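See below for the structure under consideration.
Derivation of every value follows stated rules applied to the coordinates shown; laboratory data play no part. The model shown is predicted, which means the values in this text are computed figures rather than measured ones. Don't worry about glycine lacking a Cβ; one is built from the backbone with ideal geometry, like all the others, and counts go over all protein chains shown.
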Amino acid sequence: MTVDMDPLLHLLRSILVPLFFVGIAGSMLVVIVTTLRDLREVFTKDEEDEL
C-alpha cells in the first residue's frame, strides 16, 4: 500500500512559496528602514557639539 504524496506536496508548495517571498520582502523592508535610520543618525548634528 503506497500513499501518493503528490497532492500534499503541491498543497505545501502553494503555502510555503508565498510565505518565503513575504519573508524576503519583510527582511528587505527591515534592512531599508534600519539603513535609513542609521544614515539619519550619522548625518545629524549632535546636541553636544553646539555647546
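Observations
- Fraction in percent of alpha-carbon pairs per bin - 5 Å, the chain: 4, 16, 11, 11, 10, 8, 8, 7, 6, 5, 4, 3, 3, 2, 1, 0, 0
- Here's the picture: charge each Lys and Arg Cβ at +1 and each Asp and Glu Cβ at -1 in the chain, and of L11, V22, V42 the one pushed furthest to the positive end of that dipole is L11.
- Full extension of the chain between L29 and H10 yields a length gain of 3.9 nm, computed as 0.36 nm times the residue separation minus the alpha carbon distance.
- Computed magnitude of the charge dipole of the chain (debye, nearest 20; Cβ of K, R +1, Cβ of D, E -1): 480 debye
- Charge tally around I32: other residues with Cβ under 13 Å, Lys/Arg +1 each, Asp/Glu -1 each, net +1.
- Helix axis angle, 6-43 relative to the chain longest principal axis, alpha carbon, degrees: 0 degrees
- Calculated [θ] (222 nm, deg cm²/dmol) that DSSP helices of n ≥ 4 give over the chain, each run adding -39,500 (n - 2.57): -27500 deg cm²/dmol
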